[in-house]
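The values are calculated or read from the model by the stated rules, or taken from the named source; none is laboratory data. Here the structure is a predicted model, which means the values were calculated and not measured. All Cβ positions, even for glycine, are placed from backbone atoms using ideal geometry, and neighbour counts span all protein chains on display. Remember, those area values only see protein heavy atoms, side chains included, never the ligands or the DNA or RNA. Shrake-Rupley method; radii C 1.70, N 1.55, O 1.52, S 1.80 Å.
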Amino acid sequence: MATALKSKSKRKSFQRNLLLSLGGVFLLFAICFSVYQYQREKDYKIDILHSRLQMYNYEMVQTLGEDGLTNSEQFRDYVARHQMEGLRVSVIDQKGRVILDSYDTNIDSLGNHLQRTEIQQALREGNGYDIKRMSQSTHETYFYSATRFDDVIVRAAVPYSAELTRSLQADNTYIYFAGVLTLLLGIVLYYITHRISRHIGYLREFAMKAEKGEELDHELERRLPDDELGDISHTIIMLYWKLRHSEEDKVRIKRQLTQNAAHELKTPAASIHGYLESILDNPDMPEDKKKHFLERCYAQSERMSKLLFDMSALTKLDEMDDNTSQTQHEYRQVNVLQIMQNVLDDTSLQLQEKGIIPSLQVPQYIEVLGDRGLIYSIFRNLVDNAIAYATGASRLEMICREVEMEGRHYYEFLVSDNGPGVEPQHLEHLFERFYRVDKGRSRKLGGTGLGLAIVKNAVAVHGGQTTAFPTPGGGLTIRFTLARF
């Protein structure tokens, strides 16, 4: 119960952290965007008011001319006829002295305006404005907009009233829209993070059960979604099952190998023990019978020696299969044609005794990257298998041709005989260790039941595949591939 609560707490912590991280980034972006948009809209409205006052200044200069700007009567008459609510207009020279002012006729009391913000901007850039500055003469807050002409600066100002304040404020509608959008995206984000957290929780639950060796819940697979995340989770679970089954298969094979080896060694060991016991218990045994018993002991010891040699070879192949990359690093260039000829030379006497005529249908140049001893054992075991079990066969064909599979080039080898062949139900088991089609006959023929298993494993460590199928017209064909050098 405590473990479940801890697991649930951790899953929630993961979801909370993910939600806070993603949500925090999005919220920060939303706030920055809102501030930027607010300031941008406010600046836009200020620019509109500034442009409107600038147009007023230009129209005044175009109407009165520069001479009219210094005439008090014409100036006041124009302002009176084109009066805007609360508008105040001033004419200032480039030294900052007020020449005319529509609000105050006592211009000497107005002081110098050279350091005013809008005047400085107008002198530098041709126009300028200042927001929400209190007038020293009227003690009211104004929005000022100044325009520089040749020798004078015309400045228009409007009171910074509550109405003007509202007009300059940015529209907050988009803020509400951004808030609603943020809420909706937050809900979507919560759903997504909750979904991810839930699936990770499934995998974690599966991993904890697998680690403790508990019975695994197959419902975990059924709860996975039909999307990319579900595919990843499904792949992880399947990889676990394959690994587990692979480990179980290895344990089963090793146990089976031990049991079969003990069983196979028991028979010759018992025979040797029986023959030697008979010789020791019967000192007066005739020499010819004693010689026969000793010959049988020698034959059984050879069988035991071959069985132990084959088991050692399989153990070596298992180790090479577990360290494939290191093994392949030690591979060398091997002339396969020469090995095939050596195998036929080494078995020529046995083939002749069985009346089997070998034939090679291969290219003049066959070279692969691999282990010379293992490749020799592949062909030797196949030829020995044909000699031992292809009863009545008259030919043994060894064919090689180049094939391409999945973009790689291979040599495909076919070793065929025209013997009695193997029934279809046995074909898929031929490469299993200690598998015998006819157990009694195989023991009489001296086979260990490991020859074809060695062939399959030796081909596998060279990156190839092995199959068996009936030879057309009768017999058995073993097909295997080796990567081309």
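So, Glu412, is that one of a type in the set (Asp, Glu) and farther than 21 Å from Ala453 by Cα or not? Spelling it out, it is not the case that Glu412 is of a type in the set (Asp, Glu) and farther than 21 Å from Ala453 by Cα.
Per the listing Gly407, Gly421, the residue uniquely open to solvent by 20 Å² or more (accessible area, probe 1.4 Å) and modelled with pLDDT under 85 is Gly407.
Taken over segment 25-44, the criterion of being open to solvent by less than 80 Å² (accessible area, probe 1.4 Å), within 12 Å of Thr182 (Cβ to Cβ) and either polar (S, T, N, Q) or modelled with pLDDT of 75 or more (or both) is satisfied by Ser34 alone. Residues being in a helix (DSSP H, G or I) and under 41 Å from the mean Cα position of the chain (by Cα) are entirely absent from segment 412-421. Inspection of segment 342-358 identifies at least one residue that is in a helix (DSSP H, G or I) and under 20 Å from Thr466 (Cβ atoms).
Examine segment 351-365 for a residue that is β-branched (Val, Ile, Thr) and at pLDDT below 90, and state whether such a residue exists. No; the residues of segment 351-365 include none that is β-branched (Val, Ile, Thr) and at pLDDT below 90. Please tell me if Ser377 is farther than 16 Å from Leu450 by Cα and not hydrophobic (A, V, I, L, M, F, W, C). Spelling it out, it is not the case that Ser377 is farther than 16 Å from Leu450 by Cα and not hydrophobic (A, V, I, L, M, F, W, C).
The set of residues from segment 368-386 being farther than 15 Å from Asn342 by Cα and surrounded by fewer than 18 Cβ atoms within 10 Å (Cβ to Cβ) comprises just one member, Leu369.
For segment 156-224, the helices (runs of 4 or more DSSP H) that sit wholly inside it and include 2 or more residues that are at pLDDT below 60 are 162-168, 219-222. In segment 45-78, the qualifying residues are those that are within 60 Å of the chain's Cα centre (by Cα) and among the aliphatic types (A, V, I, L, M), and the one that is surrounded by the fewest Cβ atoms within 10 Å (Cβ to Cβ) is Ile48. Assuming Arg484 fulfils every condition listed in (1) of a type in the set (Lys, Arg); (2) within 19 Å of Leu369 (Cβ to Cβ); (3) modelled with pLDDT of 85 or more apart from one, which condition is it? Here Arg484 clears every test but (3).
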